[in-house]
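Remarks on the structure that follows.
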Amino acid sequence: MRAELVLAEDRRVAAKLMRHVGASTHVDNYNDHNAAKVRPGILARLQAGSAIALTSDAGTPLISDPGYKLVDEAMAVGVPVFAVPGPSAVTAALSVSGLPTDRFLFMGFPPPKQAQRRRWIEEVAGLRATLVLYESPRRLPALLADLAQVLGDRPAAVARELTKLHEEVRRAGLAELSGHYQESGEPKGEIVVVIGWADTAASDAYDVEARLAELLSRMPLRDAVDLVTAESGRKRREVYTTALALKEDGGRSD
């Protein structure tokens, strides 16, 4: 099937690829800024029988990409949609992370503000799955610091500029990675962070009460609960109940 129109996040980026492959198909912008406005016209053309290709600036279209609403609405009106697989930063980063790949969660981009970002991390702290997320170079040091604080020192990898000239994969614990980027500053390029999950055997031997007692002497209850939940893999409600009991016991003994 030959496309009559190519939709791209940025026409200028797509034009380079078009020139490289010797294609002369017309290219229009389709991105977060104009999608709602142009989508009805695109759907009308599709229903009239036009073949339209959707591309992305990098990676695989529809993965952290604005095109999913177009695909959803096209399928809703009976327009067939076909995939042409391309490079994916998610699977590429998993492949070179050295972390388990049999069960993983792709989380997209974290919230930019710290309080929201920490709550976002807390929501998945107890999952028995490798976590994969994107982040901008500017916010990477702050993200790694929050990940280390909430999840503990889990094994992780920071993959940068995958499949490009300056590809780099740095593997270490979250604490070490956080320290490295705090010292070296923000890197350049596109970033994927991969985080392993807490070891089950270590979790079984984990002394929740002892760890909570230690932490409650130097941090607020909520922060202690968050950290122990992440380190132990236990249910947050269970850890919170234990922390409350310890806090009350401490209050009566003073």
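The values are calculated or read from the model by the stated rules, or taken from the named source; none is laboratory data. Nothing here was measured: the structure is a model prediction, and the numbers come from that model. Counting neighbours? That spans all protein chains shown, and the Cβs are built from the backbone with ideal geometry, glycine included.
From the list 100, 61, 111, 85, the lone residue that is at pLDDT 95 or above and within 26 Å of residue 192 (Cβ to Cβ) is 111. Among the residues of the stretch 96-120, the ones that are within 14 Å of the chain's Cα centre (by Cα) and either in a loop (DSSP other than H, G, I, E, B) or among the acidic types (Asp, Glu) (or both) come to 6 in all.
Matching residues to (1) in contact (Cβ under 8 Å) with a residue 24 or more places away in the chain; (2) more than 16 Å from residue 191 (Cβ to Cβ); (3) charged (D, E, K, R); (4) in the same structural domain as residue 235 (by TED's automatic domain parsing):
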site	(1), (2), (3), (4)
81	no, yes, no, no
98	yes, yes, no, no
103	yes, yes, yes, no
106	yes, no, no, no
110	yes, no, no, no
115	no, yes, no, no
122	yes, yes, yes, no
126	yes, yes, no, no
129	yes, yes, no, no
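Kindly establish whether residue 56 is touching a residue at least 12 places away in the same chain (Cβ under 8 Å) and either in the same structural domain as residue 41 (by TED's automatic domain parsing) or hydroxyl-bearing (Ser, Thr, Tyr) (or both). Spell out the reasoning first.
Details: touching a residue at least 12 places away in the same chain (Cβ under 8 Å): yes; either in the same structural domain as residue 41 (by TED's automatic domain parsing) or hydroxyl-bearing (Ser, Thr, Tyr) (or both): yes.
Answer is yes for this residue.
Could you go through the stretch 145-164 and let me know if any residue there is free of Cβ contacts under 8 Å to residues at least 60 places away in the same chain, touching a helix residue (DSSP H, G or I) at 6+ places or on another chain (Cβ under 9 Å), within 30 Å of residue 16 (Cβ to Cβ) and surrounded by 13 or more Cβ atoms within 10 Å (Cβ to Cβ). Within the stretch 145-164 (the criterion being free of Cβ contacts under 8 Å to residues at least 60 places away in the same chain, touching a helix residue (DSSP H, G or I) at 6+ places or on another chain (Cβ under 9 Å), within 30 Å of residue 16 (Cβ to Cβ) and surrounded by 13 or more Cβ atoms within 10 Å (Cβ to Cβ)), the answer is yes, since at least one residue qualifies. Only residues that are closer than 21 Å to residue 83 by Cα and touching a strand residue (DSSP E or B) at 6+ places or on another chain (Cβ under 8 Å) were counted in the stretch 32-47, giving 3.
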